[in-house]
Amino acid sequence: MKAIFVDANPTLSAVAERLHRADDLELVINRQPDITSDQLPGVLGDAEIAIIDHTHLPTDIARQCKGLKHVVFLGTGARSYMNPEELAEIGIEVHIIKGYGDTAVAECAFALMWASAKGFARMDREMRAGNWLRSDAVQLTGKTLGLVGFGGIAAEVARLAQGAGMEVIAWNRSAKSHPGVRFVELDEVLAKSHVVSMHLLLTDETRGIISRERINAMRDGAILVNTARGALVDEDAMIDALKSGKLGHAGLDVFVTEPMPKDHPLTKLDNVTLSAHSAFRTPEASDNLIQSALNHCRRISGKGVQQ
């Protein structure tokens, strides 16, 4: 069997080369991070396994990949790039990778929360422009952090927030319990939290879950942090709330359209801190990610799994 990493950037190319074993199945690393969907059939040829980081795989394109039987998607958000059910109907199984970057993403969410509370991004911009901007900040110790969705990343955020003296409440679609975290209904999370942090997978049920009505029900001046998926939040409603002051600040690593278009309305707001969907980009997370991807390939091909 042969696996092809179709859209490898320089960082992940180097990690894949380092972690690929001599006794593994054949792995071809296509160093073309800007590959387009219509180029995939030519790159994959008769390969049975495609490793995909960020490239869309429409079902009609997948049909043209005659040998393709498995897609190993580097992350949990495969549905943003392909339709797993449609692919299953044509004999292609989609594998996702969970947990590889829980700590990395949690640290990013925590950092965006603090940067938002302290106004660092705006002060930095103004000082570089020659303006001695001083602004009041939000003191987070003793404040309430609300987690929307509770998996491995949210558990790490809770650990960090508890260490910083915050009260942590959470809502999850299924029943959960966690030391020091009080689980309540979503409406209570939104109404009581000084900071709301998103930690849900994007599905048909969760798309737009933070609607205009739910934003209006949040605490006045609350901070919204999103390191999950941009489409979980009604982006237009969020922008309106930021403009009006209903939301005090947003710390965002994910967006409805990525890469973010030039002159996007969010780039024109002072009370927004932006990062370019990079929460998971640490050496530790990259190693975990590629090792997990290779282990999927090893299981598929019957090779031994590396712990």
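The values are calculated or read from the model by the stated rules, or taken from the named source; none is laboratory data. All figures in this text were calculated on a predicted structure; none of them were measured in a lab. No Cβ is skipped: glycine too gets one built from the backbone with ideal geometry, and neighbour counts run over all protein chains shown. Only protein heavy atoms, including side chains, enter the accessible area calculation; ligands, DNA and RNA are left aside. Shrake-Rupley method; radii C 1.70, N 1.55, O 1.52, S 1.80 Å.
Which ones in the stretch 134-164 are open to solvent by less than 40 Å² (accessible area, probe 1.4 Å) and assigned to a loop (DSSP other than H, G, I, E, B)?
Once the filter is applied, which keeps residues that are open to solvent by less than 40 Å² (accessible area, probe 1.4 Å) and assigned to a loop (DSSP other than H, G, I, E, B), the stretch 134-164 yields LEU140, GLY149, PHE150, GLY151, ALA164.
Name, by its number, the condition in (1) touching a helix residue (DSSP H, G or I) at 6+ places or on another chain (Cβ under 9 Å); (2) without any contact (Cβ under 8 Å) to a residue 24 or more places away in the chain; (3) within 18 Å of LYS2 (Cβ to Cβ); (4) not β-branched (Val, Ile, Thr) that does not hold for LEU68.
(2)
Restricting to the stretch 234-260, and then to whatever is within 18 Å of THR76 (Cα to Cα) and not aromatic (Phe, Trp, Tyr), can you tell me which residue is modelled with the lowest pLDDT? Reasoning before the result, please.
Step one: of the stretch 234-260, the residues within 18 Å of THR76 (Cα to Cα) are 253-258.
Right, trim to not aromatic (Phe, Trp, Tyr) and you get 253-254, 256-258.
Details: ASP253: 98, VAL254: 96, VAL256: 95, THR257: 94, GLU258: 90.
Only one residue tops the list, namely GLU258.
Among (1) surrounded by 22 or more Cβ atoms within 10 Å (Cβ to Cβ); (2) at pLDDT below 95, which single condition is TYR81 missing?
Condition (1) is where TYR81 drops out.
Among what's in the stretch 98-122 and is more than 12 Å from the chain's Cα centre (by Cα) and open to solvent by less than 40 Å² (accessible area, probe 1.4 Å), pick the residue that is farthest from LEU224 (Cα to Cα). I'd like the intermediate steps shown before the answer.
Initial filter on the stretch 98-122 (more than 12 Å from the chain's Cα centre (by Cα)): 103, 107, 110-122.
Right, trim to open to solvent by less than 40 Å² (accessible area, probe 1.4 Å) and you get 112-113, 115-117, 119, 121.
Working: LEU112: 9, MET113: 8, ALA115: 12, SER116: 9, ALA117: 10, GLY119: 14, ALA121: 15 Å.
In this case the residue turns out to be ALA121.
Does THR55 qualify as being open to solvent by 50 Å² or more (accessible area, probe 1.4 Å) and either among the β-branched types (Val, Ile, Thr) or touching a residue at least 40 places away in the same chain (Cβ under 8 Å) (or both)?
Working: open to solvent by 50 Å² or more (accessible area, probe 1.4 Å): no; either among the β-branched types (Val, Ile, Thr) or touching a residue at least 40 places away in the same chain (Cβ under 8 Å) (or both): yes.
So THR55 fails the test.
Need pairs with beta-carbon distance below 7 Å; first residue more than 24 Å from VAL105 (Cα to Cα) and within the stretch 205-232, second among the basic types (Lys, Arg) and assigned to a helix (DSSP H, G or I); sequence gap 6+ or separate chains.
These pairs meet every condition: ARG219/LYS192.
If a residue has to be in contact (Cβ under 8 Å) with a residue 24 or more places away in the chain and farther than 15 Å from ASP234 by Cα to count, how many in the stretch 254-279 make the cut?
Initially, the stretch 254-279 is screened for residues in contact (Cβ under 8 Å) with a residue 24 or more places away in the chain, giving 254-258, 265-266, 269-275, 277-279.
From what is left, the residues that are farther than 15 Å from ASP234 by Cα are 258, 269-275, 277-279.
The qualifying residues number 11.
Can we say ALA22 is at pLDDT below 95 and of a type outside the set (Asp, Glu)? Break it down stepwise before answering.
Values: at pLDDT below 95: yes; of a type outside the set (Asp, Glu): yes.
Judged against the criteria, ALA22 is a match.
List pairs: first in the stretch 100-126 and closer than 13 Å to THR282 by Cβ and at pLDDT 95 or above, second β-branched (Val, Ile, Thr) and not in a helix (DSSP H, G or I), Cβ under 7 Å, 6+ apart or cross-chain?
ALA104/THR282; VAL105/THR227; CYS108/THR227
Can you tell me how many residues within the stretch 165-191 are assigned to a helix (DSSP H, G or I) and either open to solvent by less than 40 Å² (accessible area, probe 1.4 Å) or in contact with a Lys or Arg (Cβ under 7 Å, 6 or more places away or on another chain) (or both)? Let's see the steps before the verdict.
Start the filter on the stretch 165-191 by keeping residues that are assigned to a helix (DSSP H, G or I), which leaves 186-191.
Next, only the ones that are either open to solvent by less than 40 Å² (accessible area, probe 1.4 Å) or in contact with a Lys or Arg (Cβ under 7 Å, 6 or more places away or on another chain) (or both) stay: 186, 189-191.
Result for the stretch 165-191: 4.
Of everything in the stretch 36-52 that's in contact (Cβ under 8 Å) with a residue 60 or more places away in the chain and open to solvent by less than 30 Å² (accessible area, probe 1.4 Å), which residue is farthest from GLY302 (Cα to Cα)? Spell out how you get there, then give the answer.
Pass one, the stretch 36-52, residues in contact (Cβ under 8 Å) with a residue 60 or more places away in the chain: 48-49, 51.
Within this subset, residues satisfying the condition of being open to solvent by less than 30 Å² (accessible area, probe 1.4 Å) are 49, 51.
On the way: ILE49: 13, ILE51: 17 Å.
For the stretch 36-52, the residue satisfying everything is ILE51.
Of all residues in the stretch 1-35 being more than 21 Å from LEU57 (Cα to Cα) and aliphatic (A, V, I, L, M), which is surrounded by the fewest Cβ atoms within 10 Å (Cβ to Cβ)?
Only one residue tops the list, namely ALA22.
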